[in-house]
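Scroll down for the structure; my scribbles are underneath it.
The values are calculated or read from the model by the stated rules, or taken from the named source; none is laboratory data. Here the structure is a predicted model, which means the values were calculated and not measured. We place every Cβ from the backbone using ideal geometry, glycine too, and count neighbours over all the protein chains shown.
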Amino acid sequence: MKVGLLFGGRSGEHEVSINSARAIAKAISTGENRNKYELLPFYIQKDGRWLAGQASHKVLESGVPILTTADSVASQSHLGGWEDEEMKNSSQLDNFHDAKMLDCIPASLPQVASVDVWFPILHGPNGEDGTVQGLLKLMQVPFVGSGVLGSALGMDKIAMKMAFAQAGLPQVKYVAVNRSQIWSNPCVFPKLCDRIEETVGYPCFVKPANLGSSVGISKVRSRSELETALDNAASYDRRIIVEAGVVARELECAVLGNDEPKASVVGEITYQSDFYDYETKYSAGMADIIIPAAIPEAVAAQIQQMSLEAFAAVDAAGLARVDFFYTESGEVLINEINTIPGFTATSMYPMMWEKSGIPFPELVDRLIQLALERNS
Ligand code: ATP
Ligand code: MG
Ligand code: MG
Ligand code: MG
């Protein structure tokens, strides 16, 4: 059985996806999985081009993206993305593969057509949001994870919150914003800020609705910070959400399955920084993971139940990681669902399953089998 591992992608979480894919590729090519599956990696470059064969294997081996022409242009002109900042650092540029040195032939139709089951491990827009899932569905080949609806609802924090509210899941107060209210009409903007202050107050969190890894998220404490944060979030997405900030412990739960999904033990993340931002997520030693979380059994049971309800509310399939806030008063609020959570060997999703009795290679096997089962 040929497993098409789709990774990289046209999103701010490109590098995260490469790391997830490396861990999954290793799990597919070793142990018992090796006798069952053949790995066919497909690397999607930052400009959206699909590479297969040698080039994609190279990225998996090295963990380093293959630079595109678009990347070099982006590094010179300011496009407002966090990647551009990184690219400006020329020493970092040296760490990228030179596309010319590699056999960067675009993936061919026969290569794509030979895949028996797809494993998209793309985080963020253009991969976790239903777009790639729509393509795979059209190709009529089974794939791991949520379909179009589950992916789209899981990606867009405004639509997600509507689905959660409908399912009766408790969550923070929020205001949904459209970019046009920020950029197009100077008369609307102060009124918008007034409404945000009245509805959610300070501190609040300003987020692009469709992203992940905390990219574009700001914690704000004043009117001027709010204005800057809205402008920044609008550079990432048309849709923006502003949420009331809560003081809470951060708990997560992993879900696995299709129509009868199971919830893992609950995990906790602790850190010293202001919030769980990009740097804290991906710099070694900045965050600590405790699995299982030291919480009362009843709270853990409540979180597992809410995770399954959230999974059903957005019509997720295969896998999802559900994030929660546990306040000092003992309240459990749902924060979000991630339909393609980080998947390195030290990511929360596989670690929570590991602690629940499913080792990493078996988890990968189960996900592939769930994809096949859903299709049959
Ligand atoms: P992920 O990488 O999990 O997909 P994300 O980009 O979707 O993350 P969120 O999980 O919504 O972003 O928020 C990132 C972090 O910001 C949270 O883990 C938490 O530390 C902080 N945060 C977000 N919203 C709130 C809130 N309403 N109150 C308090 N802290 C918050
Ligand atoms: Mg998320
Ligand atoms: Mg995410
Ligand atoms: Mg999160």
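Give me the pairs, please: first residue somewhere in the stretch 116-142 and more than 22 Å from Lys2 (Cα to Cα), second residue anywhere and of a type in the set (Lys, Arg), beta-carbon distance under 7 Å, and either six or more positions apart or on two chains.
From residues that are more than 22 Å from Lys2 (Cα to Cα), the pairs are Asn126/Arg10.
What number of residues in the stretch 323-346 are among the aliphatic types (A, V, I, L, M), surrounded by fewer than 21 Cβ atoms within 10 Å (Cβ to Cβ) and within 18 Å of the chain's Cα centre (by Cα)?
So the answer is 1.
In the stretch 205-217, is there at least one residue being away from ligand 2 (no atom under 16 Å from the Cβ) and at pLDDT 95 or above?
no
Can you tell me which residue among Gly145, Gly216, Gly201, Gly150 is touching a residue at least 12 places away in the same chain (Cβ under 8 Å) and within 11 Å of ligand 1 (Cβ to nearest atom)?
Just a single option satisfies the conditions, and that option is Gly216.
Which one of Val117, Val132, Val188 is within 16 Å of ligand 3 (Cβ to nearest atom) and not assigned by the TED database to the domain that holds Gly257?
Val132 is the lone residue from the list that is within 16 Å of ligand 3 (Cβ to nearest atom) and not assigned by the TED database to the domain that holds Gly257.
Identify the single condition in (1) within 15 Å of ligand 4 (Cβ to nearest atom); (2) more than 25 Å from the chain's Cα centre (by Cα) that Asn210 does not satisfy, given that it satisfies every other one.
For Asn210, the exception is condition (2).
Any residue that is more than 21 Å from the chain's Cα centre (by Cα), on the phi < 0 side of the Ramachandran plot and free of Cβ contacts under 8 Å to residues at least 12 places away in the same chain - is there at least one of those in the stretch 165-179?
yes
Every residue in the stretch 327-344 that is touching a residue at least 12 places away in the same chain (Cβ under 8 Å) and either of a type in the set (D, E, K, R) or away from ligand 4 (no atom under 14 Å from the Cβ) (or both), please.
Of everything in the stretch 327-344, those that are touching a residue at least 12 places away in the same chain (Cβ under 8 Å) and either of a type in the set (D, E, K, R) or away from ligand 4 (no atom under 14 Å from the Cβ) (or both) turn out to be Thr327, Glu328, Gly330, Glu331, Val332, Glu336, Phe343, Thr344.
As an exercise: evaluate Gly267 against (1) of a type in the set (Gly, Ala, Ser); (2) under 20 Å from the mean Cα position of the chain (by Cα); (3) more than 16 Å from ligand 4 (Cβ to nearest atom); (4) farther than 24 Å from Ile158 by Cα and give the number of the one condition it does not meet.
(3)
Please enumerate the residues belonging to the stretch 1-36 that are surrounded by fewer than 21 Cβ atoms within 10 Å (Cβ to Cβ) and assigned to a loop (DSSP other than H, G, I, E, B).
If the condition is that a residue be surrounded by fewer than 21 Cβ atoms within 10 Å (Cβ to Cβ) and assigned to a loop (DSSP other than H, G, I, E, B), then Met1, Arg10, Ser29, Thr30, Gly31, Glu32 are the ones that fit.
Filtering the stretch 213-269 down to residues that are in contact with a helix residue (DSSP H, G or I) (Cβ under 8 Å, 6 or more places away or on another chain) and among the hydroxyl-bearing types (Ser, Thr, Tyr), which residue is farthest from Gly145 (Cα to Cα)?
Ser218
Which count do you get for residues in the stretch 320-348 that are within 11 Å of ligand 1 (Cβ to nearest atom) and assigned to a loop (DSSP other than H, G, I, E, B)?
5
Within 16 Å of ligand 3 (Cβ to nearest atom) and either crowded, with 19+ Cβ neighbours inside 10 Å or not hydrophobic (A, V, I, L, M, F, W, C) (or both): does that describe Ser213?
Judged against the criteria, Ser213 is a match.
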